[in-house]
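Heads up, the thing below is written out as structure tokens.
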Amino acid sequence: MSFNNELQRAVFARLKSFTPLTDLIAEFNGQPSIFFDSPQNFNLNDRYINIYEFIINADDTDNTDGFTCNFDVHTWSTDRSAIKIGNITQQVYNALHRFNNILDGSNGLKSSGVYFVSLNIIKDGDGITKHAIQEFTVQFEPLVNYPECN
């Protein structure tokens, strides 16, 4: 399933290029703090995002092989107010929900677009850090060339 890397790159690129989101988070080495894995020398007290937990499930029909992919976007903030993390999660939602161009079709797949599933905001064990978990889903099916109708 080589599309998995392609999908991860597409989600990452979409979030990193969405200025209303990147304006709200810290920078690391001149780039928005959106990671698959936080660098060891990154200040975890800054606002940042991790993208991971891509889960792929079969979603076949009688005549096509399809699948869904659910993925999580985690956001952290040590701001005392929940307003900052709320604003960040809203911009993650705005960047991804109903984003239809997640893959270009070159891998032989088409998608229904990205759709928001859920949001959970919790306070971490330190009593300060807010941790938001947003789940999104994408449904895929193979591109089909239907014969012309006469």
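Per the conditions (1) at pLDDT 90 or above; (2) surrounded by fewer than 16 Cβ atoms within 10 Å (Cβ to Cβ); (3) aromatic (Phe, Trp, Tyr), the sole criterion not satisfied by Phe42 is (1). If I filter the stretch 87-98 for residues that are part of a loop (DSSP other than H, G, I, E, B) and in contact with a Lys or Arg (Cβ under 9 Å, 6 or more places away or on another chain), do I get at least one hit? The answer is no; no qualifying residue exists.
Does Glu6 satisfy the criteria of being within 20 Å of Asn120 (Cβ to Cβ), surrounded by fewer than 17 Cβ atoms within 10 Å (Cβ to Cβ), modelled with pLDDT under 85 and not basic (Lys, Arg)?
Values: within 20 Å of Asn120 (Cβ to Cβ): no; surrounded by fewer than 17 Cβ atoms within 10 Å (Cβ to Cβ): yes; modelled with pLDDT under 85: yes; not basic (Lys, Arg): yes.
It is false that Glu6 is within 20 Å of Asn120 (Cβ to Cβ), surrounded by fewer than 17 Cβ atoms within 10 Å (Cβ to Cβ), modelled with pLDDT under 85 and not basic (Lys, Arg).
Filtered by the rule that a residue be at positive phi and either not in a loop (DSSP other than H, G, I, E, B) or not small (Gly, Ala, Ser) (or both), the stretch 2-51 gives a lone residue, Asn29.
The values are calculated or read from the model by the stated rules, or taken from the named source; none is laboratory data. In this text the structure is predicted, and so the values were computed from the model without any measurement. Positions of Cβ are backbone-derived with ideal geometry, glycine not excepted, and every protein chain shown enters the neighbour counts.
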